[in-house]
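The values are calculated or read from the model by the stated rules, or taken from the named source; none is laboratory data. Keep in mind that what you see is a predicted model, and the values were worked out from it rather than measured. Quick reminder, even Gly has a Cβ in these numbers, built from the backbone with ideal geometry, and neighbours come from all protein chains shown. Heavy atoms of the whole protein, side chains included, go into the accessibility calculation; ligands, DNA and RNA do not. Shrake-Rupley method; radii C 1.70, N 1.55, O 1.52, S 1.80 Å.
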Amino acid sequence: MRPLDTSIERTLPFSSDKKLRKRFMIVDKDIPGNIRWGRLLEELDKLAEDIALDYVHKFEPEGRVVTAAVDDIALHPPADITQDVYLRARINYVGRTSMEVGIRVDQDKEAEQSLAACYFTMVARKGKGDEAESLPIPPLDYESEIEKERHEAAIERRKKYHEQIDALEDPPSKEEYQMLRELHKAQEDDDFDGLLAGQQIRNSVERMYPDLENVPQKIFGGYVIRRAYELALIQAEEIMPDRPIFVRVNRINFLQPIRIGDKLDFTSRVVYTGDTSMTLEIDIERTSMDKVTKALSNTCVFTFVNVDEELNPKPVPDVYPTTYAEDERYLKAHRRRLEHHQTDHQKS
């Protein structure tokens, strides 16, 4: 079976379905980029699950899949809520128990640059509850050049992510140390009125109810990341002087399954600001209904840019780390930003 044989295409018919369009609108008026990316992330996660599950069921009818991670998603032209959105997905890579699902998001199928390119890592599982275990699955056959290129690119993304994790743990360079030192020194001025990172924290608590069930006793991951995104956006709106627009999913990790009855504690932090951008990290901690289990279930990193009414980037206030933990988050976000700029430049 080839990657081509796994392809699925779906359309969100915003141009003709007014009810659907309203579900995805940020506000009920005509503004550029008026689309709820949180809801679109939810749709993308469901599509990734469906395509991966269809592949697993060809070999194991009782198998299921869970989302393990969402890799870097960079958004390009702003989405137009009055035009249809096309989601085109296929499996790029199959490992022993995991798959990478690539999804291209377009409003113009002929455009060279997509609205967004998304990569979901899905893991095959078998069994329920504590009896669940990883499910080995057969590999794909990569025949065409484009299939081989995508397969190699998927392997490279996995390798690059692990290298990036290792690099993020490196101690500060001389230039990075000086950058952090200047941020700390600025806080000593008598007239300092900057944003302290330690004060830019928001929390939200939510119970997981049966109507959110996806696989038996487990909550749909797409809903959880939508709620994380919405919390981050609201916090960005509080700080950015104009309007935040979503430009990047840096990374989303699914560390533990979330079960019906769990209480989720969402913690959103502003960890870094550039000239016009702001990076927020969201940790999601689950507590079981019986209060026996408490663990980190998800980590999310989102980047927003502050824009005016014509979507021109505008300055944002600086955020200043104070503690060692805040310095570490700031530095990691700074390194990710430099890495993304380098990668985007190479692509262009």
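Scanning the range 172-221 for residues that are at pLDDT 90 or above, within 30 Å of Ile260 (Cβ to Cβ) and of a type in the set (S, T, N, Q) returns Asn203, Ser204.
For the range 52-64, the count of residues that are of a type in the set (Val, Ile, Thr), touching a strand residue (DSSP E or B) at 6+ places or on another chain (Cβ under 6 Å), touching a residue at least 12 places away in the same chain (Cβ under 8 Å) and in a strand (DSSP E or B) is zero.
For Val66, are the conditions met, namely being touching a Pro at 6+ places or on another chain (Cβ under 8 Å) and at pLDDT below 95? Yes: the conditions hold for Val66. You will find that of Val301, Val271, the residue that is of a type in the set (Val, Ile, Thr), under 17 Å from Ser204 (Cα atoms) and part of a strand (DSSP E or B) is Val301 and no other.
The lone criterion from (1) within 16 Å of Ile8 (Cβ to Cβ); (2) of a type in the set (Asp, Glu); (3) in a loop (DSSP other than H, G, I, E, B) left unmet by Glu49 is number (3).
Just so you know, in the range 242-257 the residues that are under 12 Å from Ala68 (Cβ atoms) and in a loop (DSSP other than H, G, I, E, B) include one that is most open to solvent (accessible area, probe 1.4 Å), and it is Leu255. The residues listed here are Glu156, Glu182, Glu163, Glu175; of these, the one that is more than 25 Å from the chain's Cα centre (by Cα) and within 23 Å of Asn250 (Cβ to Cβ) is Glu175. Whenever a residue of the range 112-137 is in a loop (DSSP other than H, G, I, E, B), its partners that are hydroxyl-bearing (Ser, Thr, Tyr), lying with C-beta atoms within less than 8 angstrom and at least six residues away or across chains, give the pairs Leu135/Thr97; Pro136/Thr97; Ile137/Tyr55; Ile137/Thr97. Tell me, which residue of the range 1-50 that is among the hydroxyl-bearing types (Ser, Thr, Tyr) and more than 12 Å from Arg90 (Cα to Cα) is farthest from the chain's Cα centre (by Cα)? In this case the residue turns out to be Ser16. Of all the residues in the range 175-197, those that are out of contact with any strand residue (DSSP E or B) (no Cβ under 9 Å at 6 or more places or on another chain) and in contact (Cβ under 8 Å) with a residue 24 or more places away in the chain number 3.
Going by the structure shown, is Arg202 part of a helix (DSSP H, G or I), surrounded by 11 or more Cβ atoms within 10 Å (Cβ to Cβ) and of a type outside the set (Ser, Thr, Tyr)? For Arg202, the condition - part of a helix (DSSP H, G or I), surrounded by 11 or more Cβ atoms within 10 Å (Cβ to Cβ) and of a type outside the set (Ser, Thr, Tyr) - is not met. Considering the conditions (1) surrounded by 17 or more Cβ atoms within 10 Å (Cβ to Cβ); (2) in contact with a helix residue (DSSP H, G or I) (Cβ under 7 Å, 6 or more places away or on another chain); (3) closer than 20 Å to Leu140 by Cβ, Arg2 is excluded by exactly one of them, (1). Any residue in the range 258-271 that is open to solvent by less than 10 Å² (accessible area, probe 1.4 Å), among the hydroxyl-bearing types (Ser, Thr, Tyr) and at pLDDT 95 or above? Checked the range 258-271: at least one residue is open to solvent by less than 10 Å² (accessible area, probe 1.4 Å), among the hydroxyl-bearing types (Ser, Thr, Tyr) and at pLDDT 95 or above. Report yes if some residue within the range 321-329 is touching an Asp or Glu at 6+ places or on another chain (Cβ under 7 Å), open to solvent by 20 Å² or more (accessible area, probe 1.4 Å) and assigned to a helix (DSSP H, G or I); otherwise report no. Among the residues of the range 321-329, at least one is touching an Asp or Glu at 6+ places or on another chain (Cβ under 7 Å), open to solvent by 20 Å² or more (accessible area, probe 1.4 Å) and assigned to a helix (DSSP H, G or I), which makes the answer yes. Being touching a residue at least 60 places away in the same chain (Cβ under 8 Å), surrounded by 11 or more Cβ atoms within 10 Å (Cβ to Cβ), within 22 Å of Val105 (Cα to Cα) and of a type in the set (A, V, I, L, M) holds for only one residue in Ala167, Ala153, and it is Ala153.
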